[in-house]
Ligand code: UDP
């Protein structure tokens with residue numbers, strides 16, 4: 001039994017870096033790819049938005065004095081490295097994959113074309129969206145919200161290293177309490193650090209559900225697809 005037919009998985013750059021905190025950790029990549037292929041093989045249509053924070057984050061360049069837009073473009077290009085690494089890993093596991101980029105990089109990926117992305121999904125190819133929205137001042141979380149709506153995904157699954165949304169940072173506070181469910185407005189008004197506000201409002205306006213979960217918890221991705229309450233659900 002599958003609760004969702006088409007999902008948008010958001011994989012942050014940070015998730016790919018493992019304990020090093022920078023670059024791509026191959027064993028982590030393997031683990032992530034394995035979970036994704038397991039779900040794709042159930043017949044679920046999987047689209048992925050990859051982040052780039054393990055390589056470059058726009059704001060960190062800007063803090064050091066770089067022009068913000070230039071720094072953001074570096075961030076978007078960085079996501080392509082992650083996308084290609086993930087594509088390679090998924091294809092070595094035997095699953096057809098397409099990368100579509102919001103910034104033209106024709107030699108390595110297709111350009112983002114919504115109808116084509118949907119067609120790939122219908123053919124059960126995993127589609128990886130690279131280069132964010134193609135615009136500076138946005139994030140890949142907002143990209144996830146945008147693409148999920150565009151392709152008519154049932155839900156956004158945000159893969160993190162934490163098992164859901166807490167009232168405060170669980171890494172720093174032992175008494176942090178996990179939420180099973182939240183509304184969009186609670187996330188915004190309580191300033192919960194799940195996704196940036198732009199991403200959350202876009203989801204709110206289009207009633208796109210979000211589940212925040214720990215990708216490294218065994219079979220978590222699969223269990224969500226099967227309808228199990230894993231992580232924190234954000235909805236109206
Ligand atoms: N970025 C951007 N526009 C977008 C998406 C991403 O300018 O539509 C840039 C931004 O500088 C961001 C970087 O790309 O910091 C990497 O993306 P993000 O920080 O969202 O990656 P993650 O936190 O998921 O690893």
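Observations, loosely collected:
- Of all the numbered requirements in (1) surrounded by fewer than 17 Cβ atoms within 10 Å (Cβ to Cβ); (2) more than 10 Å from the ligand (Cβ to nearest atom), residue 60 misses one, and that requirement is (2).
- Residue within region 166-174 that is within 16 Å of the ligand (Cβ to nearest atom) and surrounded by 15 or more Cβ atoms within 10 Å (Cβ to Cβ) present: no
- Filtered residues of region 96-120 (kept if outside any helix (DSSP H, G or I) and under 18 Å from residue 151 (Cβ atoms)): 96, 97, 98, 99, 100, 101, 102, 109, 110, 111, 112, 113
- Within region 198-222, the set of residues being outside any loop (DSSP other than H, G, I, E, B) and in contact with a strand residue (DSSP E or B) (Cβ under 9 Å, 6 or more places away or on another chain) comprises 199, 200, 203, 204, 209, 210, 211, 212, 213, 214, 220, 221.
- With respect to the conditions (1) in contact with a strand residue (DSSP E or B) (Cβ under 8 Å, 6 or more places away or on another chain); (2) over 23 Å from residue 223 (Cα atoms), residue 92 lacks only one, and its number is (1).
- Among the residues listed as 37, 7, the single one being within 12 Å of the chain's Cα centre (by Cα) and either under 21 Å from residue 130 (Cβ atoms) or within 16 Å of the ligand (Cβ to nearest atom) (or both): 7
- The residues in region 103-132 that are crowded, with 21+ Cβ neighbours inside 10 Å and either within 14 Å of the chain's Cα centre (by Cα) or within 14 Å of the ligand (Cβ to nearest atom) (or both) can be counted, and the count is 8.
- Some residue of region 165-175 being touching a strand residue (DSSP E or B) at 6+ places or on another chain (Cβ under 8 Å) and not in a loop (DSSP other than H, G, I, E, B): yes
- Single unsatisfied condition, residue 82 versus (1) at pLDDT 95 or above; (2) surrounded by fewer than 24 Cβ atoms within 10 Å (Cβ to Cβ); (3) farther than 21 Å from residue 116 by Cα: (2)
- Filtered residues of region 183-218 (kept if farther than 14 Å from residue 149 by Cβ, within 17 Å of the chain's Cα centre (by Cα) and surrounded by fewer than 19 Cβ atoms within 10 Å (Cβ to Cβ)): 193, 196, 197, 214, 216, 217
- The single residue among 162, 187 that is in contact with a strand residue (DSSP E or B) (Cβ under 9 Å, 6 or more places away or on another chain) and not in a loop (DSSP other than H, G, I, E, B) turns out to be 187.
- Condition met for residue 230 (touching a strand residue (DSSP E or B) at 6+ places or on another chain (Cβ under 9 Å) and either surrounded by fewer than 23 Cβ atoms within 10 Å (Cβ to Cβ) or assigned to a loop (DSSP other than H, G, I, E, B) (or both)): yes
- Test for residue 70: is it surrounded by 15 or more Cβ atoms within 10 Å (Cβ to Cβ), within 12 Å of the ligand (Cβ to nearest atom) and not in a loop (DSSP other than H, G, I, E, B): no
The values are calculated or read from the model by the stated rules, or taken from the named source; none is laboratory data. Note that this is a predicted model, so its numbers are computed, not measured. Cβ sites come from the backbone with ideal geometry, for glycine too, and all protein chains shown count toward neighbours.
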